[in-house]
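None of the figures in this text is laboratory data; all of them are computed from the coordinates on show. In this text the structure is predicted, and so the values were computed from the model without any measurement. When we count neighbours, we look across all protein chains shown, and the Cβ atoms used for this are built from the backbone with ideal geometry, even at glycine.
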Amino acid sequence: MLVTGLVLAALAAALHVVIFWLESVAWTSPRARATFGTTEQEAAATRVLAFNQGFYNLFLAVVTAVGIVLTASGATGAGAALVLAGTGSMLAAAVVLLVSSPDKRRAALTQGTLPLLAAALLTAGLLTGVSL
C-alpha cells in the first residue's frame, strides 16, 4: 500500500504541475481557457491571480515530490509527513473548490481524487507496514 500511495502521490504531483503550467504559463491560451471555461476577456482580467494560484499548485507538487524521494530513500517519517502535507493540501483545495463552486464539481473531483487515494493508501501502508 505504501508504494501504491507514493505512485498515486506522484501522479497527483504531476497533475498539479500541469495545472501550474495552465495557470501560470498558458492562462490566456485557447487550451487553458477551454480547460477553465473562461473567455478571452476573463482570462486577461484574471491573469495575475491565475499566475499566483498556479505557483501554489507547483509548490504543492514540489513538497509532495520531495516527500516521495525522502520516503523512497528511507527517511520514512519526514518523507511521509511531506507527502501527506502536499496531498492533504491538494485535497483540501479540491474540497474548497467543490464547496465554493459546485458547478466546478468535475474539476474538483479531478483535482482531489488522486491526492485522496494517495493519502489514504500511504496512511494505511504506514499503519499496517504493508509496502505494496
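The calculated FRET efficiency for GLN41 paired with VAL99, based on their beta-carbon distance and R0 = 25 Å, is about 0.40. In sequence order, the range 24-35 has phi-based couplings of 9, 10, 10, 3, 8, 6, x, 5, 5, 5, 5, 4 Hz under the Karplus curve 6.51 cos²θ - 1.76 cosθ + 1.60, θ = phi - 60°, and Gly or Pro positions carry x. Relative to the longest principal axis of the Cα atoms of the chain, the long axis of helix 2-20 makes an angle of roughly 20 degrees. Think of the chain as having a plus end and a minus end, set by charges on the Cβ of Lys, Arg, Asp and Glu; of GLY88, LEU6, GLY37, GLY37 sits farthest toward the positive end of this dipole. Within the shell of other residues whose beta carbon sits under 11 angstrom from the beta carbon of PHE36, the net charge comes to +1, with Lys and Arg scored +1 and Asp and Glu -1. Across the alpha-carbon set of the chain, the Rg to Rh ratio works out to 1.04, Rh being the Kirkwood radius.
Think of each Lys and Arg Cβ as +1 and each Asp and Glu Cβ as -1; about the Cα centre, that makes the dipole of the chain roughly 120 debye.
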